[in-house]
Each structure stands twice: as structure tokens, then as C-alpha cells.
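To start, the structure itself, in C-alpha cells.
The values are calculated or read from the model by the stated rules, or taken from the named source; none is laboratory data. Small disclaimer: the values here were computed from a predicted structure and weren't measured. Glycine gets a Cβ as well: all are built from the backbone with ideal geometry, and neighbour counts include every protein chain shown.
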Amino acid sequence: MSTENQQPNRPNILWISLEDTSPRFGCYGDSIARTPNIDHLAAGGARFPNAFCTAGVCAPSRSAIITGMYQTSIGTHHMRTTHTNQHTPEMPTPYSAVPPHYVKTFTEYLRASGYYCTNNQKTDYQFTPPITAWDECSNTAHWRKRDDNQPFFSVFNPTVTHESGMWPRGDRPLITDPDEVKLPPYLPNTPKAREALARHYDNLAVADERVGELLDQLEADGLAENTIVFLWSDHGEGLPRAKRWTYDAGIRIPLIVRWPGQLEPASVCEDLVSLIDLGPTVLSLAGVELPLHLQGQPFLGSEATQREYVFATRDRYDESYDMVRAVRDKRYKYIRNFHPEIPYLLWIPYRNRHPVLQEMWRLHAEGKLEGPQQLMFRSPRPVEELYDLENDPYEINNLAGDYGHRSTLERMRQALDNWRNEFGDMGEIPEDQMVARWWPRGIQPQTAAPVFIPITESNPGLNISPEGGTFGTPLIVQLHCATQGASIAYTTEIGENVNWRLYTEPLHLPEGTTTLRVKTIRIGYKESEERTATFTASHEKHN
């Protein structure tokens, strides 16, 4: 029934997606890291030291990655939309974001072109992932379940490096020596803080083992030479002034790509890369024409385009609202604080469980923080921040008021304004108004149910057929959904765990009886009710 495009010799693509990880790997020059498998991957491919996410926290960042759209342009910028309202019931009801109707997960374009797409298993896109996004999304999803000779795009998400892994655990002794780790100068260098970072190094070693397992599976399956492997993190590490912030510690991420025969082994590419570019790059490498609404751009292959700037944002994270926008080139970072009147350290109870932040608050109360350690307690915030990252990698010396950097400040200001004007910034809209527009009266809209339209010589597709029927041959069935932008999934299988296929064109049914099960979904909407119809293709003609 499917006529999906099967282009020969297309590459397989493997993503290894880490959480809360800055480039603390041996291949990035970190002597404490125990990352032999990641280092081996880098030795066989290219390292991108100027790679950045679009938000220093997972769900807004991942929404940009999966859609190829900036989170602030599609309303997925608040972390997170599925909040529980435990402490602040006055906030908007938990919701799935509703991007513009033309926005898809980029994996739908891959599936439509014949790729087998799997995710094992993290999503966190700020909307419920549509059934049409993946051939399988589960903790058992794997490229090994695809059809023979079918190219694959597979994502694996080791989750052991999450911020919460830095919190004390009594069931696992430390392997990394806390006295060997180096904290950035804006954090307190106390035993409790060093132990937290040592735990992170231990967790990175565990993630590295998982990377090794996946690379070994590629080798065992004879796929290593025709598989492009990407390794990246959704944002920077979970330390204070890193995760949730637009400083480099929060948005600079590791990016390693191994592409046999195309990227030089052990090479380094200094180009600026944004994680919003990942999806467009994969589509380009897979030979899929890029939809023009995508806001990222390929950084590899024949369609690669170099960036002059990358952009990052900060908005409501958990209980507390904020609005920060940032732009970075290879040397300078410009940050605009839309709320200079509010403290840096807003109330986020989840983050307050972090042992390093607890140390910061303790020492602040005791008046013992010194120098850069006091940066997060400044009040008010500066309206603008400008850093020379070549000479000030920890972003300590704000140059925004330095007359000698006036031209740089104005250039970066203009770059940020141009970006906001080009792509829009839904941070301008109060969240409750945005949600009210998407979910009128707090009710999630539902995708319209699908309809079946049989087409034969004697039935030219004029009417729907809710339950099917007997028709002449050849029999074609068209599927339709009245919701603008909805995707359609169908299957001929019975039961719960079935393979839902993506509908891209009318279905040619074989002679005999076929039962179709169909569902529809638009991102942010509730999935439609399932409808079933049975069709019999017969040589007899029916008027």
C-alpha cells in the first residue's frame, strides 16, 4: 500500500543525545574525564567546539531541535508547559504548546521519504509527541527492527548525566577524586561543591559506556561505514550559572560527528553551530528537500551554510518568570535582561536542591562569597551584558559600559533585534494570554476524526465511506482530516502495539478485504478518535 520513496544508498543516521552536559571529555582536553568511547568517536570524526543550544534548559531546547524552529517563534519557550502547579496554582493550566499548523517534527519528513525513525526514549518537546513522529518511541526502540535495506534515523538518550545526578547519593561511592575537579571561579570551591562536580564526572563515565555499547552494535551489524553518528547534549551542565542561563556554561555543548569518508578523522571544525541546525542537517544528508519554514540551516553536506551568530533565550523556568535574550558570535556574547529589576536567583525549588547552590546561599548569608562568586547576587541586574569570550571565557567582566567596545555592543544589539524581528518573539505575549488563545476556556482542542474516501472507476471519490464496503478494482482509498495541519496515521494491524504508518498519499488496496484503522493528530491538539473501515476490492462493479 505504501509508495514511500526508497532512494538507494542513503546514509543511516544515529543520534546520541546526552543531558545537562558541557564538553568535559578527554577529546576536549579535560584530563579528569574518563570518556574513552566518546574520545574514540571524536578520533574517527570531527569535533565542533563552537556548538550551542538555543536555551539552557531541556524542554525549550528539545522543542527547537525536533521542529527546527526557535522556541520563541512557536511558543515553546516556557519551561515547562506540563508544570504541576504544586506551588503556584495561579499559573496557566498545564498545556501542550500549539505551534503554527505547518510545524511538524522533522522526523515526519524523514518517514515520508522512507526512513525508519526510532527514539529510545526521551521526548520533552513541550507538546505530546504525535503518533506520526516515530515508527517507534519506547525504551526498546532500535534500528534493528526496521525492514531489510531500509535506511534508519535512530535516537538514543542516555539520561544519567542529568543535573539531579549531582545530588548526594548514599548507594554509590565516588570514583572521581573531588580534590582534583576544578570549579569555575564564580562558584564556591568547597568540599560539598567539589563532590557534586565529581559525581557528574562519574555519571559522564557511565554515559560513555552507553556510547560504547551503541558504537559496538553498529560495528556488529556491519553498519558503521554507512552511518553518520552525531553526539550532542541538549544544553550545558547542571551547575549554577550554567543550566537555565544564556552564559556559555549553560549553552555551549559538545558536538561530535563521525561521517566515514566525508569528515576527516580527529578533525576540528570551528564553525558556529546551533542545535536548531541538527534537524535541517539530517534532512539534507538524507536527501530530503528542506521545508522553507525551518529556521535552522544545514552545517554539513552540500547545502551547508556558515553562521555568523547563534541565539539563546531564557523565559519562565518552573515557578519563576524571566525574559533574557542573547546573541553570540565566535568572540563576543551580548545578553539583554528584559527584567533588570528582578534578582538573578529566582525561586525555583527544584534547582534549590542542588548542593552547589545550597553552598552559595549559605556563604552569601555568612558574607563569605568573594569576587566573581558574588555575581549571581548582584541587584539590580545590568540591562545589557557584553563579554569578550576570547579573553574572558567565564563571562565575568561586563563590557557593556566600556566605550572602547561601543561598536561591538551596537553590532550585537542590532543582530539580536534583527533576529527577533525576523523570527518573532512570543516572549512578548503573557503566557496566560498565549494559552487562552490555544486552549479556549482551558480546553485542549481535538483533532478532527479522519474520513475514508474510496476511489474506483465507478466511484470517483465524491463521497466518504464511514464503514467501508465492497468496490471495484483497482481500489484506491484516500484519507482526509478537516483539521488544518493535521497528520494522519494508519495501520492494517490488529491489537494495541501496532506499527502506525504515516499517510502521505492515497492507498492502493490489494484485491480482497482490507481493514484500515486511522487516527489523526495536530501538534498541541488532542489526538482524534480512531476510526476503522473495511474495504473489499472486487472485480464486480458497483454503482
**Asked** Got at least one residue in the stretch 226-248 being touching a strand residue (DSSP E or B) at 6+ places or on another chain (Cβ under 8 Å), among the acidic types (Asp, Glu) and closer than 18 Å to ILE16 by Cα?
**Response** yes
**Message:** Here is a list: VAL155, VAL211. Which entry is assigned to a strand (DSSP E or B), of a type in the set (Val, Ile, Thr) and either at pLDDT below 95 or surrounded by 15 or more Cβ atoms within 10 Å (Cβ to Cβ) (or both)?
**Reply:** VAL155
**Message:** If I filter the stretch 472-482 for residues that are under 34 Å from the mean Cα position of the chain (by Cα), β-branched (Val, Ile, Thr) and closer than 20 Å to THR132 by Cα, do I get at least one hit?
**Reply:** no
**Prompt:** Just for the stretch 316-334: of the residues that are touching a helix residue (DSSP H, G or I) at 6+ places or on another chain (Cβ under 9 Å) and charged (D, E, K, R), which one is surrounded by the fewest Cβ atoms within 10 Å (Cβ to Cβ)?
**Reply:** ARG331
**Prompt:** Out of (1) under 26 Å from PRO254 (Cα atoms); (2) in contact (Cβ under 8 Å) with a residue 40 or more places away in the chain; (3) surrounded by fewer than 18 Cβ atoms within 10 Å (Cβ to Cβ), the odd one out for PRO178 is which?
**Reply:** (2)
**Prompt:** Would you pick out the residues in the stretch 215-266 that are surrounded by 24 or more Cβ atoms within 10 Å (Cβ to Cβ) and among the polar types (S, T, N, Q)?
**Reply:** SER233, THR246
**Request:** Within the stretch 273-295, track down each residue that is acidic (Asp, Glu) and farther than 18 Å from ILE228 by Cα.
**Result:** GLU289
**Fill in**
Filtering the stretch 406-461 down to residues that are on the phi > 0 side of the Ramachandran plot and assigned to a helix (DSSP H, G or I) yields ARG441, GLY442
**Request:** Considering every residue within the stretch 288-309, establish whether at least one is crowded, with 20+ Cβ neighbours inside 10 Å and more than 26 Å from GLY236 (Cα to Cα).
**Result:** yes
**Request:** Would you check if ASP402 is assigned by TED's automatic domain parsing to the domain that holds ASP248, over 19 Å from LEU272 (Cα atoms) and among the acidic types (Asp, Glu)?
**Result:** yes
**Complete:** When (1) over 30 Å from PRO92 (Cα atoms); (2) in contact with a strand residue (DSSP E or B) (Cβ under 9 Å, 6 or more places away or on another chain); (3) not aromatic (Phe, Trp, Tyr) are applied to ARG80, the one that fails is (1)
**Fill in**
Going through the stretch 436-487 in order, the residues found to be surrounded by fewer than 17 Cβ atoms within 10 Å (Cβ to Cβ), polar (S, T, N, Q) and modelled with pLDDT of 95 or more are GLN444, GLN446, GLN478, GLN484
**Scope the stretch 138-152; condition surrounded by 11 or more Cβ atoms within 10 Å (Cβ to Cβ) and under 9 Å from GLN121 (Cα atoms); matching residues** = SER138, ALA141
**Wholly within the stretch 13-97, helices (runs of 4 or more DSSP H) carrying at least 3 residues that are touching a Leu at 6+ places or on another chain (Cβ under 7 Å) and in the same structural domain as LYS122 (by TED's automatic domain parsing)** = 36-43, 58-67
**Prompt:** Out of the residues in the stretch 297-322 that are small (Gly, Ala, Ser) and under 23 Å from THR81 (Cα atoms), which is modelled with the lowest pLDDT?
**Reply:** SER320
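Residue by residue, here is whether (1) touching a residue at least 24 places away in the same chain (Cβ under 8 Å); (2) buried (at least 19 other Cβ atoms within 10 Å of the Cβ) holds:
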| position | (1), (2) |
| --- | --- |
| HIS78 | yes, yes |
| GLU90 | no, no |
| PRO94 | no, no |
| PRO100 | yes, no |
| PHE106 | yes, yes |
| ALA112 | yes, no |
| TYR116 | yes, yes |
| ASN120 | yes, yes |
**Request:** Could you tell me which residue of the stretch 366-387 is farthest from ARG336 (Cα to Cα), considering only residues that are in a helix (DSSP H, G or I) and in contact (Cβ under 8 Å) with a residue 60 or more places away in the chain?
**Result:** GLY371
**Item:** Condition met for ASP417 (in contact (Cβ under 8 Å) with a residue 12 or more places away in the chain and charged (D, E, K, R))
**Value:** no
